[in-house]
Amino acid sequence: MAPETIQRQPHYSVKSDVWSYGVLLYEIFNNGIKPWPNLDVRQCAANIKRGIMPDMPEITPKEVIHLVNKCWKINVEKRCDFKYITKKLKKVQSSYQLPEITNLTIAQLKNVGILTEEKAETQEEKDEEEIESISKTVTESVSTTGQWMSDSTVKPANE
């Protein structure tokens with residue numbers, strides 16, 4: 001959990017999700033082991049609030065370590081965003097040789113086709129449009145809810 005989410009008045013945001021994504025990357029390169037598996041919840045929270053995070057495992061590529069450090073910035077304003085994460089991970093991925101598609105487990109599944117680069121780009125565009133649409137809907141809903149909640153003409157049903 002991001003530092004701003006473990007307070008009396010927790011603040012959840014996309015930036016707190018970025019923090020969590022950094023933890024996910026840590027767990028991926030640490031074979032699924034959570035940070036500080038031997039500490040209790042209070043000790044973990046204290047570490048997070050102080051900005052003390054575990055070192056990334058040695059097998060982690062340097063670029064990913066740098067990325068995780070940007071995800072774990074205590075100052076929310078200095079924390080990277082998901083566009084930055086996507087850009088950096090694509091760069092990391094492109095620096096590694098991909099295995100032959102026929103060697104992948106997914107190639108053994110029935111009714112699963114190969115995703116071409118063209119199909120992937122088309123899907124990526126659709127995903128971006130969907131994200132923008134969802135973001136707009138959420139923003140409008142929050143705005144509408146805020147207006148409704150602050151409207152003094154709204155009275156509780158039991159009055």
Legend entry - Qualifying positions in the stretch 59-98 - free of Cβ contacts under 8 Å to residues at least 12 places away in the same chain and within 18 Å of residue 11 (Cβ to Cβ): 73, 75, 77, 78
Inset, instruction - Identify the single condition in (1) at pLDDT 90 or above; (2) not in a loop (DSSP other than H, G, I, E, B) that residue 137 does not satisfy, given that it satisfies every other one. - result: (1)
Legend entry - Only listed residue being under 29 Å from residue 47 (Cβ atoms), under 18 Å from the mean Cα position of the chain (by Cα) and of a type outside the set (Gly, Ala, Ser), chosen from 88, 62: 88
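Residues are listed down the side, and each one gets a yes or a no for (1) surrounded by 16 or more Cβ atoms within 10 Å (Cβ to Cβ); (2) under 11 Å from residue 72 (Cα atoms):
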| site | (1), (2) |
| --- | --- |
| 1 | no, yes |
| 8 | no, no |
| 19 | yes, yes |
| 22 | yes, yes |
| 30 | yes, no |
| 34 | no, no |
| 42 | no, no |
| 52 | no, yes |
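Could you look through the stretch 27-43, keep only residues that are in a loop (DSSP other than H, G, I, E, B) and among the charged types (D, E, K, R), and pick out the one that is farthest from residue 64 (Cα to Cα)?
Just the residues of the stretch 27-43 that are in a loop (DSSP other than H, G, I, E, B), to begin with: 30-40.
Still in the running and among the charged types (D, E, K, R): 34, 40.
On the way: 34: 17, 40: 27 Å.
Looking at the filtered set, the residue picked out is 40.
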Inset, instruction - Evaluate the following for residue 92: is it modelled with pLDDT of 95 or more and touching a helix residue (DSSP H, G or I) at 6+ places or on another chain (Cβ under 9 Å)? - result: no
Inset, instruction - Would you check which residues across the stretch 104-118 are more than 25 Å from the chain's Cα centre (by Cα) and either assigned by TED's automatic domain parsing to the domain that holds residue 69 or in a loop (DSSP other than H, G, I, E, B) (or both) and list them? - result: 104, 109, 110, 111, 112, 113, 114, 116
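The values are calculated or read from the model by the stated rules, or taken from the named source; none is laboratory data. Keep in mind the model is a prediction, meaning the values are calculated, not measured. Please note: Cβ atoms are built from the backbone with ideal geometry, for glycine as well, and neighbour counts cover all protein chains shown.
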